[in-house]
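One structure is given here, and the rest of the page talks about it.
The values are calculated or read from the model by the stated rules, or taken from the named source; none is laboratory data. Bear in mind that the values here come from a model prediction, so they are computed numbers and not experimental data. As a convention, Cβ positions derive from the backbone with ideal geometry for all residues, glycine included, and neighbour counts pool all protein chains shown. Only protein heavy atoms, including side chains, enter the accessible area calculation; ligands, DNA and RNA are left aside. Shrake-Rupley method; radii C 1.70, N 1.55, O 1.52, S 1.80 Å.
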Amino acid sequence: MKKLFLNKLHLVLALVVFSLVSCEKENDDITLDQEQATATVETLKAALVAPTSQELPKAVGDQINDSKANLALYANSGIEIAEVKVLGTISSEATLNLSKEVVSGSESVVASGDLTQPNSITTGKLKNVYTGNELVEVQRNIQEVVTNEVNVNDQVLEITWNIQNQKVKTLCFYNNDGIVWDNVIGGLIISTDVTIDDSESFDTQSRLSSRWRSLTWTANWLWGSKRGEMGAKITIYYSGSTVSSTDRSDWAYISLGKAKSESKTTKNSGSYGKIQYALGLCTPVGSLSFNSSNFTVSFSGLGSNVVANGTITLYP
């Protein structure tokens, strides 16, 4: 009995030691990741051409100030810009590649969501927000954005954020025309309510009246200017109370993101006209797909997005 007790005790002690070793290894891995990320950032800072002043181009200064104002307006987001610091200029392809490595690294901070919908906002280090294949895809998407949009001679700004009462930092790329990319700024949008426009006219030659209606959704940058738009429009041609034909159009576009639009006519003539639409906008880390069987656009991932699926019916 005593020997059995000692064997069980040794087993328990072995499990405790194993658990402690596992925890220590996990903590060591986390610390190593952080140290490597810090070393890479410091290497990048050293590779940049040092700035001669902390003055920002007017366009960039205005965008930062307007972003601060909008973040204050939507205070429920829990995001604030605490400080900005000019780090320097990208002077070579090697420095550009290093910049790409830093902003897509698993330790870099990202954000996504719509400021008008606080529950949609997600923030954190890449490795904490995404895992597995999703993490790899998001990192690839960020690298693609930097490859396509950031150039040698662009400048780098370090933004200190207060996110949920924690101080974090991101690298913001810019030029004289404005901000090019930042993982937090680029991942957030401010959407507007759908805009409905109507108009009608009469063609004296065909003796037909026409009437149209459009629905438009807009996604704005953090500083307030338009980033993207999507919409659908129906036009009916009629005489008296009878529709002879129905036209349709759709559109979707966004800066630094993905867009998709589809529409079809479901009732061309008779007592009314009707179309169906499927629309979507999203930031680069997300994905949009169109399902032709149920005629809908859907979003996947954790990026910011605006999706609308529906119909428009118009009577004479």
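Among the aliphatic types (A, V, I, L, M) and under 20 Å from residue 286 (Cβ atoms): is that true of residue 196 in this structure? Walk me through how you get there before you give the answer.
On the way: among the aliphatic types (A, V, I, L, M): yes; under 20 Å from residue 286 (Cβ atoms): no.
The answer is no for residue 196.
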Discussion item. Would you confirm, using the coordinates I've provided, whether residue 73 is among the hydrophobic types (A, V, I, L, M, F, W, C), modelled with pLDDT under 95 and either within 22 Å of the chain's Cα centre (by Cα) or open to solvent by less than 70 Å² (accessible area, probe 1.4 Å) (or both)?
Written reply: yes
Discussion item. Looking at 114, 182 in this structure, which one is among the charged types (D, E, K, R), under 17 Å from the mean Cα position of the chain (by Cα) and crowded, with 21+ Cβ neighbours inside 10 Å?
Written reply: 182
Worksheet item: Within region 202-215, can one find any residue that is at pLDDT 95 or above, assigned to a strand (DSSP E or B) and among the aromatic types (Phe, Trp, Tyr)?
Response: yes
Worksheet item: Is one or more of the residues making up region 133-153 in contact with a Lys or Arg (Cβ under 7 Å, 6 or more places away or on another chain), surrounded by 20 or more Cβ atoms within 10 Å (Cβ to Cβ) and under 24 Å from residue 226 (Cβ atoms)?
Response: yes
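I need the full set of residues from region 261-289 which are closer than 18 Å to residue 114 by Cβ and either open to solvent by 20 Å² or more (accessible area, probe 1.4 Å) or over 13 Å from the mean Cα position of the chain (by Cα) (or both), in order please. Working first, answer last.
First pass over region 261-289, keeping only residues closer than 18 Å to residue 114 by Cβ: 279-288.
279, 285, 287, 288 - these are the residues of region 261-289 that are closer than 18 Å to residue 114 by Cβ and either open to solvent by 20 Å² or more (accessible area, probe 1.4 Å) or over 13 Å from the mean Cα position of the chain (by Cα) (or both).
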Discussion item. For the list (1) over 20 Å from the mean Cα position of the chain (by Cα); (2) open to solvent by less than 60 Å² (accessible area, probe 1.4 Å), I need the number of the one condition that residue 55 fails.
Written reply: (2)
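Filtering region 185-201 down to residues that are open to solvent by 30 Å² or more (accessible area, probe 1.4 Å) and part of a strand (DSSP E or B), which residue is farthest from residue 65 (Cα to Cα)?
Here the answer is 201.
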